[in-house]
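Written below as structure tokens is the structure these notes are about.
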Amino acid sequence: MTVDFGYGMTLVALVLAIYGAAAAAVGARAGRPALVESAQHAALGVFVLITACFALLTYAFLTFDFSVRYVATNTNLGTPFYYRITGVWGALEGSIILWSWMLGLYTLILILRHRDSARELYPWALATMLGILAFFLLVMTIAAPPFQRQVPVAADGRGLNPLLEDTGMITHPVALYLGFTGFTVPFAFAMAALITGRVGDTWLVLTRRWTIVAWYFLSLGLLIGGWWSYHVLGWGGYWAWDPVENAAFMPWLTATAFLHSVMIQERRRMLKLWNIVLVILTFGLTLFGTFLTRSGVIASVHAFTQGSIGALFLGFLALVMLTALGLVAWRWEALRSQGELDSVVSRESAFLLNNVLLIAAAFTVFFGTVFPLLSEAVRGVKVSVGAPFFNQVNVPLFLSLIFLMGVGPLIAWRRASLENLKRNFLWPVVLGVAAAAAAFVLGVRSALAVLTLATTVFVGTTIGVDFVRATRARLRVGEALIPAVGGLLRRHNRRYGGFVVHLGILLIALGVTGSHAWSVQTEATLRRGETAELAGYRFRFDDLTAVEESNHFKVVGAFTVSNGRVLDVLRPAKKFYPQEQSPIAYVDYRLGLKEDVYLVLGDFARDGTQATIKLQVNRLVSWIWIGGVVLTLGALLAILPERRTA
Amino acid sequence: MRRLWRWLIPLAVLPVLALLAYGFRVDPRDIPSPLIGRPAPAFGLTTFEGTPLSLAAHRGKVVVLNFWASWCQPACYEEAPVLERNWREYRDRGVVVVGVDIQDRREAAEKFVREFGLTFPNAQDLTGAVSVDYGVYGVPETFFLDRQGRIRVKHVGAVTDAVFRANVDRLLAEPGSP
């Protein structure tokens, strides 16, 4: 019953989406607003139907409806309430529903916002959105149907992947998917611009805020993913260059490049072609990411199991890229640049270099991700590309990018004079060098750490100098301090939002550097009452207890942490799920601004007299999360509607 | 000329797409085992019936060593009848099938053996030592051992009749141990 109903709704939604895409396209071509209006109704219908599918599946989860195969494989009678809701999108089929639902939502917002404001571009953008939505609905009907019968009806289900039993599982996928799907809107407008030949600034202005919105969510998704990895996976890291992390990181890099190059087009009418290609590339990479996670082509912790879905995604990726780039070739003449670069020492060239570096980073990540495949295809040799490759190539790129972050926003457009350079960069350079010297004197010997510290201080000072100067200018005309700062942020929100994002990146860079350069770890096997030491901390093994939870069995160790005085009792655990082949580590930690104490329970004696424990003191990691919060706040500030006149 | 070359832009994505398509033909988890050609690590286990089970006892025979678990749906459930059928067919020709159940609960595993009426020796690897020795990555994995006791083939995923016969027939055709 549930299955028939849900599947039926999916089918109707598919038909409606196809109709809507066609109606919008024909309406745009023939100039018949009635058809476009009809497409809008279709889009609304699609959204309502997907919402109903989503609700129905959630209901099936909450009521343990094991006649639905997806429910039976992803939950069992012991799954707690909360995880029965997040379990809805915990695996392939449900994730596609969530994805489609978000696409539908974005389509509705696009209709509401742009129905009247962009008459020429809007119908084509709508047609593109609905066309893409139709593809995902097609996946939901033929390749990965969430509504599929389980015969015979299972008495109990298999259960959710235990790693997904975490509060981060509501926010991480939701934010990530809002980011991924969000890039569909800029792509839709890019397609509209290419089809209509209006490749000027209109589509760009419409797209800019959308891109920041998608970028905001993608950043949030990546950060929460890092946090999840840090506190759930128990290896003490937050980023492993796993193919799927890479898949989410690549569109982030190209979108970041776009957010910068868009400013050159606004100011100097340059880079039209480049911008449109960046938008296409970003969307293509989001599709590539979904393909990677769902095709089983590359081994990854995130890989969903699959069937025909990989081929379907690849076909769609081919269709999208060939069509989009074909349109670019078709509109080649219109996309040519009008402005020219005046000087190498200018904001344009700083931004261009920023773009080159970001694309280089995206390319190396892409190359490293598909290299195992390439190697097997060409040489027949299986290899895996690990963190050393990615770090070695990307660290210099990112350091240069951070340096540019200091230069780009302050250097003059067109041609920077010596006066301009001195005015803006004298103090930052001095302080940066001083910071490097201070670090060296204080005993920091890692060249990379010194360099990062210097660059960070340099960039931080440029931001500070600019902000102080702008505030002073306002104070001089008689404003009070608080309104002056508030007005500055509010009126130039894009500029200062960008600065705040940059500050966030600086903090993240500090955290990454600190955790790489100064973290320490050790492993110890302790008998009850014995202690181990690491970095000035003492860890005493107190006892081991066993707990039976609703859907798993848990062994918890208690360790007293002290550094002279008792700080805390940490309780790392191992969870045994009947459906999993190996136990799941449950990490316990004590977070701090300077360092985190991080404990992972290893092997233990069954009688509880002895336990092996992995001890880590991870330095400065908290700054990654703090930087993440700052970064997202900055992005929010930049999203606010601009108020030129106050 | 100027008109033509720009059409190369869209075509530039074709090699990438071709590479990804190639990806369907390979299984990233199918990692070649470094144990191929090496002597199979010895072990001593106790079967579910309580009799001792070791490789040494089957020296001189072709051994099909299968790692499975009752929670391994559906692959282990697909291959269990295949293994039983071929065991019955080949047992008189110097072939032995050995099942090793890993990371499992005893009741669930015994139910599995009962359900499929498995008659070849099956034992539980309680400490996980055997699966570590053989570098078992997931279940099911099956090792084909020749009569000298060397690992010759590692098969990942469910064993089919064709896989079983091809490997066993080839190993049987080789000259036996001195």
Which order results if B:Arg59, A:Arg619 are arranged by neighbouring Cβ count within 10 Å, fewest first? B:Arg59, A:Arg619
In nm, what is the difference between 0.36 nm times the number of residues separating A:Val383 and A:His41 and their Cα-Cα distance? 118.0 nm
Strictly greater than 45 Å: what percent of every Cα pair in chain A meets that? 25 percent
A correct Karplus calculation of ³J(HN,Hα) over segment A:284-292, with 6.51 cos²θ - 1.76 cosθ + 1.60, θ = phi - 60°, whole Hz and x for Gly and Pro, returns x, 5, 5, 5, 4, x, 5, 4, 4
Which FRET efficiency value, to the nearest 0.05, do you get for A:Leu633 and A:Asp607 by plugging their Cβ-Cβ distance into 1/(1 + (r/R0)^6) with R0 = 60 Å? 0.70
Segment B:33-173: antiparallel DSSP beta bridges as a percent of all, rounded to 5: 60 percent
Need one number: nm distance between label points at A:Arg115 and A:Arg538, each 7 Å from Cα along Cα→Cβ, rounded to one decimal. 7.1 nm
Given the C-alpha centroids of segment B:65-117 and segment A:126-204, what is the distance between them in whole angstrom? 40 Å
In nanometres, what is the gap between the two model label sites at A:Trp235 and A:Thr196, each 7 Å from Cα along Cα-to-Cβ? 4.8 nm
How much length is gained if the chain between A:Val26 and A:Thr545 is pulled fully straight, taking 0.36 nm per residue apart and subtracting their Cα-Cα distance, in nm to one decimal? 180.0 nm
For segment A:43-93 and segment A:524-585, what is the separation of their Cα centres, given in Å? 35 Å
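Counting only pairs 8 or more residues apart or on different chains, how many lysine pairs in chain A have their Cα atoms under 17 Å apart?
4
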For chain A, what is the mean residue ellipticity at 222 nm derived from helices alone (per DSSP H run of n ≥ 4: -39500 (n - 2.57); sum divided by total residues; nearest 500 deg cm²/dmol)? -21500 deg cm²/dmol
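What does the extension gain come out to for A:Leu77 and A:Thr141, with contour length at 0.36 nm per residue minus their alpha carbon separation?
Working it through step by step, the gained length comes to 20.3 nm.
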Set of segment B:44-85 residues, backbone N closer than 18 Å to the point 7 Å along the Cα-Cβ line of B:Ala108: B:48, B:67-80
What is the magnitude of the charge dipole of chain A about its Cα centre, with +1 placed on the Cβ of each Lys and Arg, -1 on the Cβ of each Asp and Glu, and no other charges, expressed in debye to the nearest 20? 2100 debye
Dipole of segment B:33-173 [Lys/Arg +1, Asp/Glu -1 at C-beta], most positive-end residue of B:Phe112, B:Asn86, B:Pro39: B:Pro39
To the nearest 20 debye, what is the magnitude of the charge dipole of segment B:33-173 about its Cα centre, counting +1 on the Cβ of each Lys and Arg and -1 on the Cβ of each Asp and Glu? 540 debye
Over chain A, what is the relative contact order in percent, taking alpha-carbon pairs closer than 8 angstrom and at least six residues apart? 11 percent
Share, in percent, of DSSP beta bridges within the protein assembly as shown that are antiparallel, nearest 5: 85 percent
Fewest-first sequence of A:Phe47, B:Phe48 by Cβ atoms within 10 Å of each Cβ: B:Phe48, A:Phe47
A:Trp427, B:Trp71, A:Trp203 arranged by Cβ crowding within 10 Å, fewest neighbours leading: A:Trp427, B:Trp71, A:Trp203
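We did not get these values from a lab; they are worked out from the coordinates using the rules stated. On a predicted model such as this, the values are computed, not experimentally measured, just so you know. Glycine also receives a Cβ, built like all others from the backbone with ideal geometry; neighbour counts cover every protein chain displayed.
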